[in-house]
1. Inspect the stretch 48-62 for any residue being assigned to a loop (DSSP other than H, G, I, E, B), surrounded by 10 or more Cβ atoms within 10 Å (Cβ to Cβ) and either modelled with pLDDT of 90 or more or on the phi > 0 side of the Ramachandran plot (or both) and give the result as yes or no.
2. Of the residues that make up the stretch 2-21, is at least one at pLDDT 90 or above and over 19 Å from the mean Cα position of the chain (by Cα)?
């Protein structure tokens, strides 16, 4: 029976290897394949930016897609 241990990596220290799809905490080299093609996950997954945008006050302007909607013209049928 194989027992796996769980490691917790803070998002600010998490890097995804784009060669082998392993997440590690070293910003210079992948712990699995030694590749240097890494992407910091905090810039992609950090929700602090999203939370700030939700707290903004809402304006009365419609989103762009709603501005493109045309009112429906109904014709009377005799």
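1. If we filter the stretch 48-62 for residues that are assigned to a loop (DSSP other than H, G, I, E, B), which is where we start, we get 55-62.
Still in the list and also surrounded by 10 or more Cβ atoms within 10 Å (Cβ to Cβ): 62.
In the following step, the residues that additionally are either modelled with pLDDT of 90 or more or on the phi > 0 side of the Ramachandran plot (or both) were identified as none.
No, that holds for no residue.
2. yes
The values are calculated or read from the model by the stated rules, or taken from the named source; none is laboratory data. Please read these numbers as outputs of a predicted model, since none were measured by experiment. Backbone-built Cβ (ideal geometry, glycine too); neighbour counts: all protein chains shown.
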